[in-house]
Structure formats: C-alpha cells, structure tokens
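Read the structure below first, then the notes.
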Amino acid sequence: MRRLGGGSTAQTAIRILFIVDRVGDAVSGAEEVDGAVRVLRSETKLQKLDFWVRYPDYLAFELLAEAEAGRLDRDWAIGEAALLVEAEVPELHVYPMVRYLRGAYERKDNALALLKSLGHLAIRRRTASVLDPRARRDFYLLEKGAQAVASLRAEIPAVRWYDEQAVRAASFAAHLSGGQCKDRQYRNEVYEGTPLGAVIPPIRPRVLEQLGLLRAAMPV
Amino acid sequence: MSGDVDSWASWTDAVARRGRLPVQEAEVVLREVGLHPPPAAGKPHRLRVVRVDFAGFMPRGGDIRPFSFGWDPPGTVGALATIERNEAGKSSVFEVVRWALRGRCGVQPDVRQWIRQVLVELDIDDERLCVVFGARDGEPTGGVLRLSAADSGLPGWPTPTARDASHEERPGGALLDQAESLVESEAALWVCRFTGSVSMEAVVGDLMLDRLGFNRLSGWQKMPSGRAAQQNDGVSTTLSWPLWSAALGVGSLKSVIGQEVTTAARLLQVYLGAPWAGTAVDAGGALGAAQQRRSAARRRSEQDATASAERLDALREEEQKLLGRLSGLERSSQTAEEVDRRLRAMQAAARAFAAADTVMAEAARRLEDSSRRFQSAEADLLALSEDRLTRRFFHSLTPTCCPRCDARVTAERLQREQEGRCSLCDEAFSLTIPAQDTGEESDATGAAASADLVDDLPPDEEETALRTERDNLRARREADNGAHDRAKEVRAAAQVALEAARVAFEEAASRDSHTAEVRTTETRLAVVRAFLQDKTAETSGATRIEDPKVRVLEAAEKEAKSRRDADQRDLLVQVSKQILELGRHFGLEQLEEVRLDGAARLAVTKGGAATSYMYLTPGEQLRLKIATAVALLRVGRATGIGRHPGLILIDSVGAEEMAEEDLAQMLRALQTLAGERHAPQILIFSARGRDLARILTAESLQMPPPGERLW
C-alpha cells in the first residue's frame, strides 16, 4: 500500500515543511543560523507531530481532550474534531505508521536530505559532545523554505489538507516538548498496546463516542 | 540440549517446519515479536541463612514482658527443636525466616502483634545481606542492608542486636538506629528500603529475583501475586517471588514439590532449569495477544446479531430451563391440537426469521468490508496524485547545497547539468524528467521544466491499475449495498410474519392461567430453538480472518513446548534415579522404582506394588519430598542450569509420625549429604528434640531446656 511509509519522499518533505512552519517557534536573535525564520526543536517532536498529521482520529482525540480540560475553545475544538471523524475526507488522507520502541516512528532521512539540498531546511545538533548519539536535532526553516511553503499553499490546493492538519496540531502542541507529545500519545491505550513493529490501528469509533459525550455536555 | 539446538537458525527452521511456512516468514515474525532461543542462564546462586533474630513484647501472666530469640544456623544441616512440646514457638521462627525471605508475613495473628523487630542475615553467593525491619502488627518498616565486612557463614551484625526498652517506643526503633549507625560508619549500605507490607513484598521480591538470577530467564514477570495469571496447560505461567519461594519450604505434604498441586509443575520446570520453558511461556503470551487482536478484528466487523459461543451456551441453557418448566405444567387437551398446529407454524416462522437475520448480518459485514476496501483504494489514488504534484514541485527547484557535507552548489556545477552531470553527485544526469512528473519530455535549458499537464496525461500503468481496482471495488460495494438492502427487507417481512403467527398462536390458546404460562413458555422455546438451529449452522461457516502471524506463533509455541518437554524428559529420568537412591538412604528400603513426571506427579513402586506419592503415609511422604528436593537440586547443579538456590526449610509435619529409627536414618543421610559439593543448607524445625539430639551435634542443634519454649 502506497500510504504505509508516509508516501513518497516528496510527500514527506511537504509535510515536514508545513509542520515546521506552523508548529515551530519564531527564531530568536540568539540563534546562530543565518536566514532562519522558524525552528522546530527535536526530532521526537517532528515524529510525533507527523503522527498527528497522518492520523486524524488521534488528532481529534487530543483536541477533544484539550477542550475538556478547558485549554482550547470548546466550540472550535468540537467543530474541528467533528470534521476529522465524521466526514469521509479525512479517511482518504490517513498514512499509517508503525510503532517502534518509542512509539510511532519513521525514518525521514530522504525527505530531510531533499529539503536540505534545496536550501529549505537547516539541521543543527544541540550537544556538548560530537559523539553523543542522543543529541537533540533542531530543524530550522530558512528563507527559501518559507518561500517554498508559500508557493505550495498558492499553487497546489491538493496539499492544503496537510497544512490544515499542522494548524490543528499547533493549536495545542506548539508549546509542548517532544517528550510531552510522546507522553500524550502513550496515554492512549490502543496506541500504547500496539505491539512493536505493528501498524498503529485507528480509533475512530471511540473518538466518535467521546465527541458525542462532549456535545451532550455542552451548556445550551 | 546441545549448543546447536539453541541457535537462531535451528529454532527458526524448526518453527517453519512445524507450521509449514517459509523460513523467512517465520524468522521475521519471531524476531519482530522477540521470541528468541533461551539465553545462557548464568551460574546458579547460593542462598544461606546465617542468623535469625527477632524480639518484641508479649502478655504474660497479666503483665507485658519483653522476649527475644536468636539463632545462628550452621551452613549445612541445622535444626531448631523442642522437647515434647508443641506450640513452643518453632513454627513462628519458621514463619519469621520466611517473612524475611519472601517479603510476605505468614506469622500467626497473635504472634504478629507481639513481634516488633526482625533481623535476618543472609549470604547470597559472596554478598552478605541483612533484612532488617521494625514491625507494628505485621506492617514492616525497614530495608535490606549489605554488610561490607562479614566472614562467610558467620554473623556480621554486632551482638547482641539492639532492642526497644519498652513496648511504648517506636517498634524496632533501637534496631533501626543501630542500622543507621552502621551505615554512617560505612560498615553497611542500604540496598533497598520499604514501608508497609505491599512495599516490602515488591522490594524484597525484586531483590531476590535479581540476586538469584531469575531476571535473565524468559517467561518471568514481576507481578503482584494477586493478579490472575494466564492459563497455559492449565498451570499458572507467571510466578512472583513469594509464590516461587514457597518451593524453599517443605511444610505441607499435599504436593511433592512446593505447597500446592497447581503450581508444582511450573516450579518443577524452574528446579530443573528447562530453559525452553521460559520461551514456551513467552510464545504462549505472544500467541494469546495475537489471537485476541484477531478476534477483536473479527468482532468489529460482525453485527451483534451474530452469536458468539457464550450466546450459544446461554441459548442452550435457556432451552433446558424452558423445557424443564414445560414438563411441570399441564395442558388443556381440547385446544391442544389447534395450539400444536399454530405452534408449529410459529416455529417455522421463527426459523425463517432467524435465517433472514443471519443473512442480513452477513450482508452487513460484507458491505462494511467492501466499503473499507473501496475507501482505501480511493485514498491510494489520491496519494498517487499528491505524489506526482509534490514530486514535480521539487523537481522544478534547483539544489543549493549537498545534503551530506554542506558544500554549496556553485554556478559552475549547475552549468555542468547542461553537459549531463548532476550538480550534487556528478553522476551522468539528464534533465529529462519522467513524463509523469512534468507532463512531457523536456530537453530543458536548466530552468524549471514546463508547466504541468498532469491532468491531461494519459495515465501511466500504476494509475490505470489503481483506477481499475477502485472502480471494481466501487461496483462491489454497490452490489453489496443492494444485497444488504434486500436482506433487510426480507428480514423485516419475516419479522412481520413471525408476529402474525405468534398472534394466531396466542389466540388459539385458552385463558386458563396454566395454559397462559404454557403458551408463553412454548413461544419463547420456539424462538430459542430457531436461533439455536440457525446459529450452530452458522458458526461453523464463519469466515476466518487469517493472520499469518498467528500461525507462526502457534508453531513457535508448539515447538518451544516440545523442546521443553524433551529437555525435561531427560532430566526427569536422572532425577527419578536420584530420588530412588536418596529415598532408600532415608530408610525407605522397600522402594523399587520411582518416576517423576512433568506434571510433578510421583509414581512409586514399593514392596512389589505400584502406588503413588498421594497414597503414602505422612512419614514416607516427608522423606520422599525431601529426597525429591535434594535430587532436583543435585541434578540442577550438575547440569548447571537449575535455579534452586540451595536452601531447604523443613517444618517437619510428618516427622511427628515417623519411627525413631527412620528419622535417625534420614538425619544421618542428610548429614552425609552435607559433606558433598553443592550441598544445600537444610534447616529443620521439629518437636522431636530428643531424637534429633542423638544424631546431630551440639553446634547443629538449638534447643531450650525440656518442656520450655524457644522464646
């Protein structure tokens, strides 16, 4: 199936662009990367956000949880979540991911290489020791990259869905760390219970239920 | 048990053969799930009790008096005995030792209230550990210390141990203060601490499992014993430390190994060190999980009208109940014939309804399945088009730097693309971009390729195939939708017909209250029977959702179990020989043959007659149980893979009924054992002090004066 593996390199690359653009932080003066406009800190965060972009039902789950906790506007969150699980369209954009030791994960090296070679992205490792394999990788969106994002938005309506997904994810995940995103995903039993190496299954029926409950609880 | 058998290659081959599957497929699944051949288990560990010491306050003669007890058992055979006095406190000593080793308190309630501090010194290999705690009504607070300097076998804790001055002080306070001062002077180190019985059980359990080498075995889980274990061969598969450490005790004689018949087989596997036992457990667990997933998937795509096995059973049960009720009732003979006729008509209608119901459920399931597949095909087509669009987008851009080394792509390098060399990797390169990505062949001049004509392109092969598949699936979904609608109509009609038949039947019945009840019972019975008939036919035809992983795991479980049984068979023959020899040494001269099987049952031939452990006298059982423990220990050590740490505690229940000479012979035999390599430490708790004193030396035996308590 085409969609296991995240689609082609090019498809993965545009998702990365949208994610860094929408979820990343504006670059502060203290950064040492020329021409950078946004930064997404940590590969973990990139992996976990890609998961949410690709699984509308899990994304809806988070939106509803945020609404229940009062951290997101209820009307908006319920509206978005309804779109994600009640309509047919989102199902067409599901790109399944496999669960590994630290949750959903997929190598993005080719897409990152492509973006780097085109001057859209710069990648920096934040570490004291060059040999530390667990150093955090930060992803900087450069000027050229920001232009590419704008072009994508203007020229290819077909990929708008992924941009919108990134916006939805940003509504609650922008200020979270990679580890916090990972923990949230683990709180879901179906996700956590997925055996190593297996594809993470959908949870649409459960989210539909949750949506129903939340709607019923709305003060009229 | 050769090394070759334990290799990955041999394991995957065997599993593939057994499941009749290709080897690569089997290997992929086994590695994915982590089902590996058993790792080398490491050497067995030795556990010795070096000192037992406890104290507290108890009511005596209207007063509250302090009491204390201390014992330094020898490293080989040691006994704690009283003379002609039961209830002298020896069972409590036994229980206190077990409390410290297991992390769980089995002391009698009244004694538990009196004990306020416990110290048990242990040697685990060359490490000296002290389990130290204060206790209030059985709730412990303390921990496990490591003593830095202690001679093997001799107590290292300062003597005497500190004690509370009065019963109003914090229980065990003095002892714990003594512990802290040892830590401060660097004579000791806290290895772990606990507060409360739950914490102690977990902490001590973890420590023992780790120090005694269980953590490296597969199939072991640190689970609180309250949690139910999975069924596998009808025997618990997960063992917690408290359960396993029961194997150290020879108390109850119900089972020849351990305390309960139900856990005996699993304990046997660990005694013998059959390495594949752990793998069999892991395989069973993985298989169970895979089967659960498969049936969850199956359930999801069925409507609730499809009966499961429980529903079938419930229906059958109900049928029996209704029949019973009917037979107790009378029927009015006048309307009997008419009622019968209409009843039969109603039964026929009920059967028709049940059949229509099943057909509809199946149609619904098929519809959901084809809907899902169609949607997936749509999504794949969409992915293909997005792929093309994004690919073309990137192709139209020029590279600025090498993704590997950051070198910038200069204008000259870019120029080289005109000459057919890639600006990044210098390979032969043509600016001809695949037709799908641009819409036409291009001999472009370095600038972006011309505008897209994707939509006007004749579709390439992949796209054609996907479209065709999608269209086929759409057609199938339409067909299934139609079939489902029709099935719904048929079912609705059948339901109407059933209602009509039911009404007719009820009309025919008389108003007599008896008959009314007969009527309702018969109605319900007819419906139940119709469903039963239909469901039993249907379940056998249920479609299987095949999960290839399940087949591999089933084969893996069978293979692991067969290897485990093969290992055990060899070992059990050796063990049985040893039991026979030891049993005779212990005085059972009439023993001719002994056979221990994998389920921990002991078949015995004595005096020419075949019998079994269950039917022997308590005295004989005690001796055979000890013989079995020692035999297993010996064989385990000789093969190097047994896990028993070489400590046996005997709360000698049956010894009370043994003839004196028999007891003496057993003790002498145990003492001889003590001289061997790998000898276990055997601690005996008995009321037959006089008899023990004749055989055991003074150092081995601790006794109070005649007629007195131990503490």
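What the table shows:
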item	result
Lone qualifier among B:R392, B:R408, B:R344 - being charged (D, E, K, R), within 14 Å of chain A (Cβ to nearest Cβ) and free of Cβ contacts under 8 Å to residues at least 60 places away in the same chain	B:R408
Filter pass, A:V53 being farther than 17 Å from A:L176 by Cα and within 14 Å of another protein chain (Cβ to nearest Cβ)	no
From A:R125, A:R168, A:R137, residue being closer than 21 Å to A:L83 by Cβ, outside any loop (DSSP other than H, G, I, E, B) and not small (G, A, S)	A:R168
The range B:385-419, subset over 30 Å from B:L466 (Cα atoms) and among the aliphatic types (A, V, I, L, M), residue least open to solvent (accessible area, probe 1.4 Å)	B:V409
Residues of the range A:9-38 that turn out to be within 21 Å of B:T390 (Cβ to Cβ), outside any loop (DSSP other than H, G, I, E, B), away from every other protein chain (no Cβ under 14 Å) and out of contact with any Phe, Trp or Tyr (no Cβ under 6 Å at 6 or more places or on another chain), as a count	5
Qualifying residues in the range A:196-216 (those that are closer than 24 Å to A:D75 by Cβ, within 13 Å of another protein chain (Cβ to nearest Cβ) and surrounded by 13 or more Cβ atoms within 10 Å (Cβ to Cβ)) - the one farthest from the chain's Cα centre (by Cα)	A:R206
Cβ pairs under 8 Å, 6+ apart, first in the range B:581-599 and over 9 Å from B:L624 (Cβ atoms), second assigned to a helix (DSSP H, G or I) and hydroxyl-bearing (S, T, Y)	B:H585/B:T672; B:R595/B:S576; B:L596/B:S576; B:L596/B:T628
Only one of B:P140, B:P160 that is loosely packed, with under 13 Cβ neighbours inside 10 Å and either touching a residue at least 60 places away in the same chain (Cβ under 8 Å) or not in a loop (DSSP other than H, G, I, E, B) (or both)	B:P160
Residue in the range B:370-384 that is modelled with pLDDT of 90 or more, away from every other protein chain (no Cβ under 12 Å) and buried (at least 16 other Cβ atoms within 10 Å of the Cβ) present	yes
Matching residues, the range B:482-523, being at pLDDT below 90, surrounded by fewer than 20 Cβ atoms within 10 Å (Cβ to Cβ) and among the hydrophobic types (A, V, I, L, M, F, W, C)	B:V503, B:A504, B:A508, B:A516
Of residues in the range A:107-129 being of a type outside the set (S, T, Y) and away from chain B (no Cβ under 12 Å), the one least open to solvent (accessible area, probe 1.4 Å)	A:K108
Positions within the range B:92-119 being closer than 18 Å to B:P59 by Cα and of a type outside the set (A, V, I, L, M), in sequence order	B:S92, B:Q108, B:P109, B:D110, B:R112, B:Q113, B:W114, B:R116, B:Q117
Strands (runs of 3 or more DSSP E) within the range B:18-128 that include 1 or more residues among the acidic types (D, E) and open to solvent by 20 Å² or more (accessible area, probe 1.4 Å)	B:63-71
Residue list for the range A:165-195, filter: touching a Ser or Thr at 6+ places or on another chain (Cβ under 8 Å) and open to solvent by 40 Å² or more (accessible area, probe 1.4 Å)	A:S177, A:K182
Residues located in the range B:395-405, provided they are more than 7 Å from every other protein chain (Cβ to nearest Cβ) and outside any helix (DSSP H, G or I)	B:S396, B:T398, B:R404, B:C405
Selection count where residues are at the interface with another protein chain (Cβ under 8 Å from one of its Cβ atoms) and open to solvent by less than 20 Å² (accessible area, probe 1.4 Å), scope the range A:144-164	4
Matching residues in the range B:112-127 - criterion: being touching a residue at least 40 places away in the same chain (Cβ under 8 Å) and either out of contact with any Phe, Trp or Tyr (no Cβ under 9 Å at 6 or more places or on another chain) or aromatic (F, W, Y) (or both)	B:W114, B:L122, B:D123, B:I124, B:D125, B:E127
Residues being touching a residue at least 60 places away in the same chain (Cβ under 8 Å) and over 18 Å from B:E661 (Cα atoms) - total across the range B:600-618	4
Single residue of the range A:68-98 satisfying the filter (farther than 13 Å from A:L211 by Cβ and among the hydrophobic types (A, V, I, L, M, F, W, C)) that is nearest to the other protein chains (Cβ to nearest Cβ)	A:L92
Residue match in the range B:441-452 (condition: open to solvent by less than 40 Å² (accessible area, probe 1.4 Å), assigned to a helix (DSSP H, G or I) and at pLDDT below 95)	no
Meets criteria (in contact with a Ser or Thr (Cβ under 9 Å, 6 or more places away or on another chain), assigned to a loop (DSSP other than H, G, I, E, B) and surrounded by fewer than 19 Cβ atoms within 10 Å (Cβ to Cβ)) for B:E169	no
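The values are calculated or read from the model by the stated rules, or taken from the named source; none is laboratory data. Just so it is clear, the model here is predicted, and its values are computed rather than measured. Cβ atoms come from the backbone with ideal geometry, glycine included; neighbour counts cover every protein chain shown. The area values use the complete protein model at the heavy-atom level, side chains included, leaving out ligands, DNA and RNA. Shrake-Rupley method; radii C 1.70, N 1.55, O 1.52, S 1.80 Å.
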